[in-house]
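Every number here is computed from the coordinates shown, using simple stated rules; none is lab data. Owing to the predicted nature of the structure, the values given are computational and were not obtained by experimental measurement. Ideal geometry is used to build each Cβ from the backbone, glycine not excepted, and the neighbour counts take in all protein chains shown.
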Amino acid sequence: MIDQTNDELIPLREAAKLVPSNRGEHVDESTLRRWARVGLYGVKLETVRHRLGARTSQAMLNRFLELVTAALADLPPYRKQQPARGAKRRQKP
């Protein structure tokens with residue numbers, strides 16, 4: 001939970017610059033809005049509504065990323081599924 005007295009609230013636009021993407025840039029503000037609204041792997045980014053827009057804190061952003069990392073560790077490893085034997089023969093022309 002965000003402690004508004006101790007945590008500095010930052011706009012999502014600024015918070016997005018703190019999260020690197022896999023391309024070496026930073027994620028977009030819309031990504032943080034989606035994480036707050038929909039979540040990622042069952043974890044939602046905590047935000048506070050402000051008259052100037054949604055805000056979060058550095059501490060809550062770090063907590064969100066830690067929880068997502070933990071959720072990913074619980075997932076089984078990804079394996080590309082092989083088609084069943086004879087699948088091509090069963091398809092109708």
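Observations
- Label separation (Y41 vs A71): 0.8 nm, computed from points 7 Å beyond Cα along the C-beta direction.
- Percent of C-alpha pairs per 5 Å bin, region 23-69, short to long: 5, 21, 28, 29, 12, 3, 1
- Spin-label model distance (nm) - E8 vs L52, 7 Å beyond Cα toward Cβ: 1.3
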